[in-house]
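*Asks:* Below is a structure I'd like to ask you about.
The values are calculated or read from the model by the stated rules, or taken from the named source; none is laboratory data. Everything numeric here is computed off the predicted structure, so don't read it as measured data. Here the Cβ positions follow ideal geometry from the backbone for every residue, glycine too, while neighbour counts run over all protein chains shown. All accessible areas refer to the heavy atoms of the entire protein, side chains included, with ligands and DNA or RNA removed. Shrake-Rupley method; radii C 1.70, N 1.55, O 1.52, S 1.80 Å.
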Amino acid sequence: WGDYNAKIKELAEKALPEKWSFEDEDDYSILKNYLKYTFNKLQEEDKIIETDSYCVFNTGLFSHYYEPIYAYGELNRNESIAASRWYFKGFKDTYELDIVEEFPERAEDISDPSRLVFNWHLKVNKNYKHILDDLDTSNRLPNSIKNSERPLETLKGVIDTAIQKVIANYKLAVPHYYQNKIQLLVPLCFGKDDNPDVALVLDLMKSGYYQATTCLSMQMAYTDARLIAKPESNWLMAENIKEQ
């Protein structure tokens, strides 16, 4: 890769405009996570093309002209970095890769499109014990519930209201990708305004109901959702998410 951070910056500038870092950071953490995940997924799906002279894979991103962007590398002939078979040459679109005879496909995230949309007919079971008692999960909750004398009642009320909002507007549920399956994210608002504090995860079970098992911080929620596509919901936007 050479200077990986510099290459990631080049990709961000070549791709359609998007906020790839949280708050005032300039570390492209969202883009780095997306590219790492995409590469691993492409390996699983055997969609990385390797020839005697070059390798290429589809980043799943598009240029300002809506051309697919590919990561392109050539055979490494530098003995000083002999551990790497390929040497990265650049992020290229179709026109720039006239040497490539076959262009690889994008990673396949969506095998069942029905999982992308909330089904209001299905029951939602809530695992309050895990949300309140699991250390990692409970630490993501806001102080208003951590310091509450009746946290269970507060949590139940907020979750019930959130589910009713999603029933009224299914678009509030944002799909994200976790451990090779699609789940839905629902905003939980514990304050007086409609700014979400955490995202409730809904997992569609084979038995035909949703299981609300855990909560994610807003950064975690956005990072996972971006693995599928740039979230378009007004409650999950990178520029509005603050570090927790």
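*Asks:* Taking the stretch 222-240 as the region of interest, how many residues are surrounded by 17 or more Cβ atoms within 10 Å (Cβ to Cβ) and over 14 Å from the mean Cα position of the chain (by Cα)?
*Replies:* Counting residues in the stretch 222-240 that are surrounded by 17 or more Cβ atoms within 10 Å (Cβ to Cβ) and over 14 Å from the mean Cα position of the chain (by Cα) gives 1.
*Asks:* While we're looking at this one, here's another question. All but one of (1) at pLDDT below 90; (2) closer than 20 Å to ASN33 by Cα hold for THR213; state the number of the condition that does not hold.
*Replies:* All conditions pass for THR213, except number (2).
*Asks:* Turning to a different aspect of this structure: Return the total of residues in the stretch 152-171 being open to solvent by 40 Å² or more (accessible area, probe 1.4 Å) and in a helix (DSSP H, G or I).
*Replies:* Matching residues across the stretch 152-171 total 12.
*Asks:* Please tell me if TYR34 is open to solvent by 70 Å² or more (accessible area, probe 1.4 Å) and within 30 Å of MET218 (Cβ to Cβ).
*Replies:* Answer is no for this residue.
*Asks:* Against the condition more than 20 Å from ILE30 (Cβ to Cβ), of a type outside the set (D, E, K, R) and open to solvent by less than 10 Å² (accessible area, probe 1.4 Å), how does LEU200 come out, does it pass?
*Replies:* In short, yes.
Here is a yes/no grid of residues against (1) within 30 Å of LEU16 (Cβ to Cβ); (2) among the small types (Gly, Ala, Ser):
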| residue | (1), (2) |
| --- | --- |
| VAL166 | yes, no |
| GLN183 | yes, no |
| THR213 | no, no |
| MET218 | yes, no |
| ALA225 | yes, yes |
| LEU236 | yes, no |
| ILE241 | yes, no |
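*Asks:* Kindly establish whether ARG115 is among the charged types (D, E, K, R), surrounded by 13 or more Cβ atoms within 10 Å (Cβ to Cβ) and within 28 Å of GLY208 (Cα to Cα).
*Replies:* The answer is yes for ARG115.
*Asks:* Here is a further query. Can you go through LEU122, LEU184 and tell me which one is open to solvent by less than 50 Å² (accessible area, probe 1.4 Å), within 19 Å of LEU204 (Cβ to Cβ) and under 21 Å from the mean Cα position of the chain (by Cα)?
*Replies:* Going through LEU122, LEU184 in turn, just one is open to solvent by less than 50 Å² (accessible area, probe 1.4 Å), within 19 Å of LEU204 (Cβ to Cβ) and under 21 Å from the mean Cα position of the chain (by Cα): LEU184.
*Asks:* Right, something else. How many of the residues making up the stretch 72-98 are without any contact (Cβ under 8 Å) to a residue 24 or more places away in the chain, among the small types (Gly, Ala, Ser) and out of contact with any Cys (no Cβ under 6 Å at 6 or more places or on another chain)?
*Replies:* 4
*Asks:* From the residues in the stretch 53-93 that are open to solvent by 50 Å² or more (accessible area, probe 1.4 Å) and of a type in the set (S, T, N, Q), which one is modelled with the lowest pLDDT?
*Replies:* Out of the qualifying residues, it is SER80.
*Asks:* Can you tell me which residue in the stretch 95-151 is modelled with the lowest pLDDT, limited to those that are touching a Pro at 6+ places or on another chain (Cβ under 8 Å) and either among the hydroxyl-bearing types (Ser, Thr, Tyr) or in a helix (DSSP H, G or I) (or both)?
*Replies:* Result: ARG115.
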